[in-house]
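The values are calculated or read from the model by the stated rules, or taken from the named source; none is laboratory data. Predicted, not measured: the structure shown is a model, and the values here were computed from it. Positions of Cβ are generated from backbone atoms using ideal geometry, with glycine treated the same way; all protein chains shown enter the neighbour counts.
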Amino acid sequence: MFVDLPLRAEALPGPAIGEGYTITTSLMLPRSRGSVRLAGAEPDAPPLIDPNYYADPRDLEIFTTGLRATREIGRAAALDQWRPSCSSSTQERDAATCSTTATTAITDS
């Protein structure tokens, strides 16, 4: 997905609307399965949610491939004016980025 405005949490640094873009990757058919369980008998208790991201290694491999594709798109000359300089990364670094992003999405929400 390509969006012509930056999508980020307000507290995070980054470009203002109109000064950036967002390219995202998503698994459409993840193989990993999480769980949602009751925390107890109290109806007001929030549920226990375990998304279990990347429990199936195929999900991480597919997501990492998507991440590399979005980085390739982001390096297109047409986006030069909006892109900060960055170095290319290895598959291991991409996988670490995916895992960190998933963890951050859970802990920051």
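Restricting to region 21-46, and then to whatever is in contact with a Ser or Thr (Cβ under 9 Å, 6 or more places away or on another chain) and not hydrophobic (A, V, I, L, M, F, W, C), can you tell me which residue is modelled with the lowest pLDDT? Only one residue fits best here, namely 24. Of the residues making up region 11-39, those that are touching a strand residue (DSSP E or B) at 6+ places or on another chain (Cβ under 9 Å) and free of Cβ contacts under 8 Å to residues at least 40 places away in the same chain are 22, 34, 35, 36, 37, 38, 39.
Restricting attention to region 14-46, the residues that are of a type outside the set (A, V, I, L, M, F, W, C) and either in contact with a helix residue (DSSP H, G or I) (Cβ under 9 Å, 6 or more places away or on another chain) or closer than 24 Å to residue 82 by Cβ (or both) add up to 13. For region 47-68, filtered to residues that are in contact with a helix residue (DSSP H, G or I) (Cβ under 8 Å, 6 or more places away or on another chain), buried (at least 17 other Cβ atoms within 10 Å of the Cβ) and of a type outside the set (Phe, Trp, Tyr), the residue that is farthest from residue 33 (Cα to Cα) is 67.
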